[in-house]
Amino acid sequence: MSFDENRPPAQANPTGRSLPTHGRHQGSTNAARSAFATVEGPIESGSLVTQRFERNSEGRFERQIAGELLLRTDAIVERGRGGDTMRVDVAEFDALWTRYDDGDFGSGDAARALYELDVAGEQVPVALLDVDREQHPEMTRPTHGPQRIVLA
């Protein structure tokens, strides 16, 4: 606070995208993930939001969701003051990650799995992209990612 001008300091400018908190509640014995993620920074249509990190034998990689998809599906359930923090319902996206991990690639393949999401009664085509597998289709090692869910 500036005592000379008697006004508080300017608020820090939030980043365009930051990592969410996503996982079990502290003290919970339930191994299931939370259906909600808290995202710092505004979600915009051209952005990618990191939902979480995943690990495999090669290290860890990011799982991301296109900002335009979050906005279109009304996954944002709560906005913080000034739009700098948002609570996002990620249950639908977790279902797609689970299908993908189980080898169900919809009508696509491991590099570009194709699914449909129900958005207000309308089926919207989405793609789950594995950037590493797209760039190296002959690859047999675990992915380095990132993996992204985007509008198809």
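The values are calculated or read from the model by the stated rules, or taken from the named source; none is laboratory data. The structure displayed is predicted, hence computed values, not measured ones. All Cβ positions, glycine included, derive from the backbone under ideal geometry; neighbour counts span all protein chains shown. We work out accessible area using only protein heavy atoms, side chains counted, and drop any ligands, DNA or RNA first. Shrake-Rupley method; radii C 1.70, N 1.55, O 1.52, S 1.80 Å.
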Task: GluC sites (Glu not before Pro) restricted to DSSP loop in segment 112-148 with at most 16 other C-beta within 10 Å - done: E138
- [ ] Express in Å², to the nearest 10, the accessible area of L114 obtained by rolling a 1.4 Å probe over the protein heavy atoms while all chains stay in place.
- [x] 60
Task: Low-density loop cleavage sites - trypsin sites (Lys or Arg not before Pro) in segment 49-146, where at most 16 other Cβ are within 10 Å (DSSP) - done: none
Task: G108 long-range amide H proximity, modeled H, under 5 Å - done: L114
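Could you check how much of the accessible area of segment 82-152 is carbon and sulfur, as a whole percent, using a 1.4 Å probe?
On the way: 1710 of 3560 Å².
Whole-percent figure for carbon plus sulfur exposure: 48.
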Task: Backbone HN-Hα couplings from phi across segment 118-124 [Karplus 6.51/-1.76/1.60, Hz, Gly and Pro as x] - done: 7, 10, 6, x, 10, 7, 10
